[in-house]
Amino acid sequence: MSASPAGHSLTNAVLQAISPPIDPRSIAASPRAKAKMDGPSGRGPSSPRKAAQILSLDGEIRALARSIAQAAVEVLAGTRPAQQLSRTLDPRCLNALQHRAALTRAHAATAQGGQSRLHRSPMVRSVRVCAVNDGVYEASLVVSEELRSRAVAMRLEGSNGAWKVTALEIG
């Protein structure tokens, strides 16, 4: 049963009347970035260049978190060596990821005679970043695979011009 176009326009009119207007700035940046964009007086950016830098940094962190999460899930699948993440993960996170990947492969080998299809073709569906402090961000991601979706959380800390993941959790 399909709805008529008039029914859709009526539904949209009702939704627009009920829902409050959305500030476009609330979608574009994290709360910390918005606070910096609003400036001390709350009337606008204290510096347009600074606001652009914050938005650019949020985008950079979002892209970095996306690539690291995809690679980490591929490591668990055994389709990527963990050493490829050695520059972006701190040693403790890298060791934990290698250990979990070994356990996952061992379990898959015994559970289904080595014919496991776990973790094939992971795709990052959504990324959220939040500035915790200057030079510290936390990211949460949803990664979908053929059979399930998983949550990934990470903490990225910047030092000496490079970002390192200091905490990584994969659900």
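Any read-out appearing in this document is the output of simple, stated calculations on the displayed coordinates, not a laboratory observation. Just so we're clear, the structure is a prediction, and the values are computed from it rather than from any experiment. We place every Cβ from the backbone using ideal geometry, glycine too, and count neighbours over all the protein chains shown.
Lys and Arg at +1, Asp and Glu at -1: add these up for the other residues within a Cβ distance under 14 Å of Ala162 and post the number. Net of charged neighbours comes to -1.
Peptide packing: for 127-134, 159-166, the average count of neighbouring Cβ atoms within 10 Å per residue gives the ranking 127-134, 159-166, highest mean first.
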